[in-house]
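Colleague: Structure incoming, see below.
We did not get these values from a lab; they are worked out from the coordinates using the rules stated. Nothing here was measured: the structure is a model prediction, and the numbers come from that model. FYI the Cβ positions are ideal-geometry reconstructions off the backbone, even for glycines, and counts take in every protein chain you see.
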Amino acid sequence: MTRVVELVEHAAAVGVTLPDAVGRALAAGDIVDATPDPYVPGHWSLRAGSKVGAVAVAVPGDDEPVTVRVTPKVPIARLFFLLGYGLDPKGGWRDGDVNVTGHRDLLPALAHAVERQIDRALRQGLLQGYRATEETSLVVRGRIREAEQIRRRFGATLPVEVEYDEFTTDIAENRLLRAAVERLLRLSGVPHDVRRGLLHQRARLAEVTVIVPGQPLPAWQPSRLNSRYQHALHLARVVLDNASVEHPPGELRIDGFLFDMNKLFEDFVTVALREACRGLGHSARLQDPHHLDEASAIRMKPDFVLYGPHGAPCAVVDAKYKAEKREGFPDADLYQMLAYCTALGLREGHLVYAKGNAPHEAHVVRHAGIVIHQHALDLDQEPSGLLSDVARVADRLVSTPRV
């Protein structure tokens with residue numbers, strides 16, 4: 001039987017009784033803030049931060065594994081809109097694409113979304129393409145690898161070391177889809193009906209090579225040929241990239257899936273601003289590297305830098321999804337934005353937060369005349385309203401004056 005600990009993103013800490021090994025694993029894995037009670041053995045205080053999802057921790061020989069679920073503050077459907085738009089703003093997630101409203105937890109909703117998107121991608125059959133293949137053969141096919149032939153065969157005529165392009169279904173796109181399916185099937189908490197669908201997709205991809213965990217993921221490029229795959233591939237990368245938790249520290253087994261809401265919010269804000277500003281005749285760069293000092297020794301990477309028609313920076317933005325101070329926005333963000341404005345020669349800077357307990361504010365820096373704006377986006381609204389709010393921020397960016 002599995003014991004479940006329910007937490008809410010950035011909510012108050014919860015006191016629970018846990019094996020010390022499980023508590024230490026949660027703390028070491030940066031999954032939640034886990035603090036032992038110094039006076040009560042086996043009692044831990046757990047507090048969720050910005051990571052949401054579910055993680056199962058099992059101790060060998062213990063029949064009661066512990067599952068920690070962290071529920072996001074935003075509705076699941078809205079979270080998936082933010083995710084999809086950040087991945088693909090032109091054809092990204094829309095509430096009607098896959099119905100996730102029937103799932104109250106993140107992992108079941110994600111598994112359902114991935115299975116549905118893969119099913120749509122494969123309805124017309126598996127995508128085929130050319131893959132470079134190197135092998136030893138008894139017949140000449142393609143190009144002879146002369147250096148390898150000499151090194152391995154010492155002048156022998158047969159077998160021949162050859163290289164050729166093979167037209168096959170065992171290509172990067174299909175490998176990524178199968179890897180995502182295999183990853184989700186290993187996770188506990190996937191509903192039985194969704195698991196059946198994933199098993200069906202795995203059978204469709206049975207002839208595709210399985211990516212060994214730890215190996216680099218194959219690269220793919222969007223094209224007209226793989227357009228029907230692209231939504232599924234974007235979600236597959238979400239599963240396979242830095243969101244999965246499957247590290248076995250010592251003898252413990254940790255398995256689960258977590259979203260970092262900090263990154264999710266940052267990706268959505270910067271991509272949405274880039275799309276809005278593109279329609280206003282400006283270009284933008286995300287995570288654009290610059291230097292604070294004249295010697296170029298102090299690096300800085302603002303989340304978003306907007307460039308005008310002549311190529312000069314005209315606005316800078318940092319997205320901040322974080323727990324707020326009781327009295328408002330953290331002051332450290334203001335100092336960081338002041339450094340960005342100074343280095344880029346801008347008279348205004350913009351911080352964008354998820355809406356909380358502080359309204360929009362504007363601060364004029366003493367002796368510098370630089371104005372730092374703090375905007376708040378309400379994530380708990382319809383996508384059209386959220387994008388309209390982003391568009392209003394974009395209008396303000398375009399009119400930002402330089403020093």
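Colleague: Going highest first, how would you order 170-179, 332-341, 258-267, 285-294 by mean Cβ packing within 10 Å? Before the final figure, lay out the partial values.
Modeller: Numbers: 170-179: 22.5, 332-341: 17.7, 258-267: 20.2, 285-294: 12.8.
The packing order, highest mean first, is 170-179, 258-267, 332-341, 285-294.
Colleague: Related question: Among the lysines, select those whose C-alpha is under 22 Å from the C-alpha of Lys322, and discard any that sit fewer than 8 residues away in the same chain.
Modeller: Lys51, Lys73, Lys263, Lys301, Lys355
Colleague: Take peptides 70-80, 216-226 and line them up by average Cβ neighbours within 10 Å, highest first, as a rough protection proxy. Provide the component values of the computation, followed by the final result.
Modeller: On the way: 70-80: 20.2, 216-226: 11.5.
In decreasing order of mean packing, 70-80, 216-226 become 70-80, 216-226.
Colleague: In Å, what is the Rg of the alpha-carbon atoms in segment 264-388, and how long is Dmax?
Modeller: Considering segment 264-388 through its Cα atoms, Rg and Dmax are 14.6, 47 Å.
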